[in-house]
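First comes the structure, then the notes that go with it.
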Amino acid sequence: MPNVKGLQVNGADRATDAHPDRSLLSVLRDDLGLTGAKYGCGEGRCGACTVLVDGRAIRSCQSRVETVAGKPIRTVEGLAAGEKLHPVQAALLDAGAMQCGYCTPGMVMSAVALLEQHPEPTRDDIVAAMNGNICRCGTYGRLVVAIEAAAKAMKGGAK
Amino acid sequence: MTPHLDGIVIEPERYELIEAIAESEWTRRQFFGITGAGLIVALLAGDEAAAQQPQRGGQRGGGGPPEIGGWVHIGADGAVTAYSGKVEVGQNVRTSLAQAVADELRVPYQSVKIVLADTALVPFDAGTFGSRSTPAMAPQLRRAAAAAREALLDLAAEKSKAERATLSAADGKVSGPGGKPSYTYGDLTQGQKLMKVIGGDVPTTTADKWTVAGTSAPKANGRDIVTGGHKYTSDVTRPGMVFGKVLRPKKLKSKLVSVDTRAAEAAPGVTVVRDGDLVGVVAPTEYTAAEAVKLIKAEWDAPAQVSAKDLFQHLKDKAGRGGGGGGRGGGGGTRGSIEDGLKAADKKVTATYTVAYIAHVPLEPRAAVAEWADGKLTVWTGTQRPFGVRDDLARALGVAADKVRVIVPDTGSGYGGKHTVATATEAAILARKVGKPVKLVWTREEEFTWAYFRPAGLIDVTAGAKADGTLTVWDFHNYNSGGSSLASPYAVPNHRAEFHPTDSPLAQGSYRALAATANTFARESAMDELAHAVGLDPLAFRLKNLGDAAPQKRLKAVLEAAAKQFGWGKGKPTEGHGYGLAAGTEKGSFVASVAEVAVDRKAKNPVRVVRVVTAFECGAVVNPDHLKNQIEGAVVMGLGGALFEHVDFDNGEILNPTLGDYRVPRFRDAPILETVLLDRKELPSEGAGETPIIAVAPAVANAVFQATGERLRAMPLVPNGWPK
Ligand code: FES
Ligand code: FES
């Protein structure tokens, strides 16, 4: 299998030269300097490494980089428009929905994927969609509140 | 008036302090080398720092003479920077310290820069643990900042020849009446190198007059966190950096017998490193390093080891004999006679409670980046003991401590789990051998296996009360899980509480309120059993046995506040539900938790915690929102240990070293959380990161009893479904 020579990340073509079996997570972090997505378990069970591929939230620690070549990839670094935060980022900040913040980028990406697919989720929808993301600091309640607020903001055209 | 000598502001009575510093390796020049020109106020560490001294060895020094506890600098541009040895692990110390400094210097807290945990820049600190950051560090920096403000007023008075008493500091300026004169802090310090050393006796703003502290200031670097911009240790990169990986045996305590690394050495780009029992590889990518380690063939020898199923018997059998048993033995206060107390009791409870080993599971696993240059080592790593790790590194690598610099980026949490960081030593060994900076990040499995655990423990309780509910006797014996919160806080005339060190089969260490959690679980469960035995409401029984001593009153206050918020006694739970309460004190703060649970014995997750009300009192509240956040987080974490978290092990092998096998609380497990803060402005602020966790498990266990009539005495209560 040939090495992967490029990825489409946050709307830009990024050159790389990565072994096809490497995880998307490691290529983003170590080759492209996009360290927002985090390693938390390497087994698909914590969500710290969540990025969007084709608009869907995936666990980048579990995706071989070869399988996502040519597909549009979005990471937490691509969300804010200059100084203006994405409504999900702004909502997490407003709700103080973090402590150490290590889970935060993954939470943000999972929530963005949820709200893009379901602009008006119920509390149960949020819990179900986010259950694969662990916050060991235990800020779940605040995260739910933040995602509800973000849903409202996005509907109001604050996008 | 303070004399000015050679640009140094010296208070006459503090002259000897300057002498002390001049004799140490640290000079004024070195301070200004770090900070640049301006005004520095350094605070001599008082008893607090001395009390924090590690018991064994440990070289002090580092960023500053050993006597200094923290310092504040005001630059020529008016910028305020404070230096502290504390570590940010999500407890928001960066924000709370900025709030304290901002309060005294009358500037917005966002403009205060806090430099933390870089051994080359900050004063020595024993570590970030024991909930000491707020009670100890904030007042220290507050004093330094207050003294800096006074020095600025002196400077302004001198410059303007105005009456000093007419001047005041606000918004980063010193001004007189009607705005004349008016100097920015930068105007006052410009072109100068002023240094002042102060003792602990500087008056500071009292809590009732705080304007910045005491408010819910948002997290200082929150924006970097939501944008993914904050660099944790595992995000640090260095020019020419390569990736390391260490070979691990299957079993704990293994010794290397033989190793064949030829296949790994032949892999392109791979270097194999051998240093005693440490076998590692270094490669240009993490993937190549991980693949190369798989090519190594090794034979290990491991001794027979105690398994989980024999654990509690083992702990009891080895009591008083084992080594490494979680601290010193001792009592929590003996008074009266256990025999008399038992005779006086109408109802007795004798029960044994256990707690399992659990893992910290910080979401950021241990990580380190090590770089050597000119015989000096720099290591970035997430630890709660930067200076301790520096000394560990110096010992392990055979270099002087002043040749080692440890930098701790704000870390992906610790919960007491990152006091020692073998990762740092491993990275440093690999880096030295290959002559390049090395990054080493432990896998989740390594984190679950090669770190250390919260101690397991067994607790025997015998307690008795008169028919009217008055406690007569309390006899309490903790094996292995530690002596904190050992004594009963209730009024009981005949009392004995002992901690028995024993032999721990697994490596164990600090954890968020480790011993207090175990001791509070046993005590508050037994109190509940006794309440039922004498036929009293569990709240009434507790209140009856709390007297007028100050700590008992504080405990009473949180119990009453939590019960009120919960609606205790106002109605019965629905079918299958139960209510339970518990209270405790630890590290100078007080907590009561009331839980509602729903129980379905046949379900895979038989206990669902529906709602938890927590009342908490830790003296004067520094940041109400961050405190609430800490409490909520502690309750959620506490639910993991209460319900299902446990480390399973068999003869030296950890059987559940993945997030698939070791369950931690998730969104679905989070109950409705309500917190009541009792703000006692007249009392000093105590730490809050730990105590709110201690009453969670017993409140849940007591609620399960109410729902089912069954008493679960082991933490976790329902590790794999309803216990058989
Ligand atoms: S690191 Fe990918 S799910 Fe945990
Ligand atoms: S904030 Fe620490 S893991 Fe979520």
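Laboratory data are not the source of any read-out in this text; all were calculated from the coordinates shown. Since the model is a prediction, treat every value here as computed from it, not as a measurement. Here the Cβ is made from the backbone with ideal geometry for all residues, glycine too, and neighbour counts use every protein chain on show.
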Could you compute the net charge surrounding residue B:710? Neighbours are other residues with a C-beta less than 15 Å from the C-beta of residue B:710; K and R count +1, D and E count -1.
+2
Two-site label geometry, residue B:468 and residue B:275: point separation in nm, points 7 Å out along Cα→Cβ:
6.9 nm
Multiply the residue gap between residue B:724 and residue B:313 by 0.36 nm, knock off their C-alpha separation, and tell me the result in nm, one decimal place.
146.1 nm
GluC sites (Glu not before Pro), restricted to the stretch B:138-240: which are DSSP loop and have at most 14 other Cβ atoms within 10 Å?
B:163
Measuring from its Cα centre, chain A shows a charge dipole (+1 at each Lys and Arg Cβ, -1 at each Asp and Glu Cβ) which, in debye to the nearest 20, is 120 debye
Please give the contour-minus-distance gain from residue B:184 to residue B:679: 0.36 nm per residue of separation, less the Cα-Cα distance, rounded to one decimal in nm.
174.7 nm
Just want the answer: with Cβ charges of +1 for Lys and Arg and -1 for Asp and Glu, which residue in B:204, B:258, B:656 is farthest toward the dipole's positive end in the protein assembly as shown?
B:656
Fraction of the pair-distance distribution of the stretch B:199-259 above 14 Å, Cα-Cα pairs, percent
79 percent
Out of residues 5 or more away from residue B:115 or on other chains, whose amide H comes under 5 Å of its own, with H placed 1.01 Å from N in the peptide plane?
B:82, B:83, B:84
Pairwise centroid distance, computed over Cα atoms, of the stretch B:566-611 with the stretch B:388-412, Å:
44 Å
Label-point separation, residue B:351 to residue B:402 (7 Å along Cα→Cβ), nm
5.9 nm
Rounded to the nearest 20 Debye, what is the dipole magnitude of the protein assembly as shown about its Cα centre when Lys and Arg each give +1 and Asp and Glu each give -1 at the C-beta?
940 debye
Using a basic spin-label model with each label point 7 Å from the Cα along Cα→Cβ, how many nm lie between residue B:120 and residue B:650?
5.0 nm
Efficiency of FRET from Cβ geometry, residue B:111 and residue B:672, R₀ 51 Å, rounded to 0.05
0.85
In the P(r) worked out for chain A, what percent of Cα pairs fall beyond 23 Å?
34 percent
Indicate, rounded to the nearest 5 percent, the antiparallel portion of the DSSP beta bridges found entirely in the protein assembly as shown.
75 percent
As I understand it, the dipole of chain B uses +1 on the Cβ of Lys and Arg and -1 on the Cβ of Asp and Glu, about the Cα centre. Which of B:78, B:271, B:319 lies farthest toward its positive end?
B:271
Filter the DSSP H helices in chain B by two things, a Kyte-Doolittle mean of at least -1.0 and an axial alpha-carbon span of 15 angstrom or more, and list the hits by number.
B:93-105, B:138-160, B:386-397, B:422-434, B:514-534, B:550-566, B:624-643, B:696-708
Chain B: Rg/Rh from Cα coordinates, Kirkwood Rh?
1.00
Chain B: antiparallel bridges as % of DSSP beta bridges, rounded to 5, reads 70 percent
Helix-only [θ] at 222 nm, chain B, -39500 (n - 2.57) per DSSP H run of 4+, per residue, nearest 500, equals -8500 deg cm²/dmol
Cα centroid distance between the stretch B:477-525 and the stretch B:219-248, in Å?
37 Å
Could you please state, rounded to a whole Å, how far the C-alpha centre of the stretch B:135-198 is from the C-alpha centre of the stretch B:366-387?
37 Å
Sites residue B:258 and residue B:395 - FRET efficiency at Förster radius 35 Å, r taken between beta-carbons, to 0.05:
0.80
Give me the Kirkwood hydrodynamic radius of the stretch A:4-75, using the inverse of the mean 1/r over all pairs of distinct Cα atoms, in Å to one decimal.
11.7 Å
So for the stretch B:565-724, what percent of the C-alpha to C-alpha distances run longer than 26 Å?
31 percent
Residue order, fewest to most beta carbons within 10 Å, for B:490, B:579
B:490, B:579
Count charges around residue B:554 for me, please; just the other residues with Cβ under 9 Å from its Cβ, Lys/Arg as +1, Asp/Glu as -1.
+2
Once residue B:376 and residue B:602 are pulled to full extension, the length gained, defined as 0.36 nm per residue separation minus their Cα-Cα distance, is 75.3 nm
Can you give me the convex hull volume of the Cα atoms of the protein assembly as shown, divided per residue and expressed in Å³?
182 Å³
Percent antiparallel among DSSP beta bridges confined to the stretch B:572-724, nearest 5, equals 75 percent
Got the relative contact order for chain B handy, in percent, Cα pairs under 8 Å and 6 or more residues apart?
14 percent
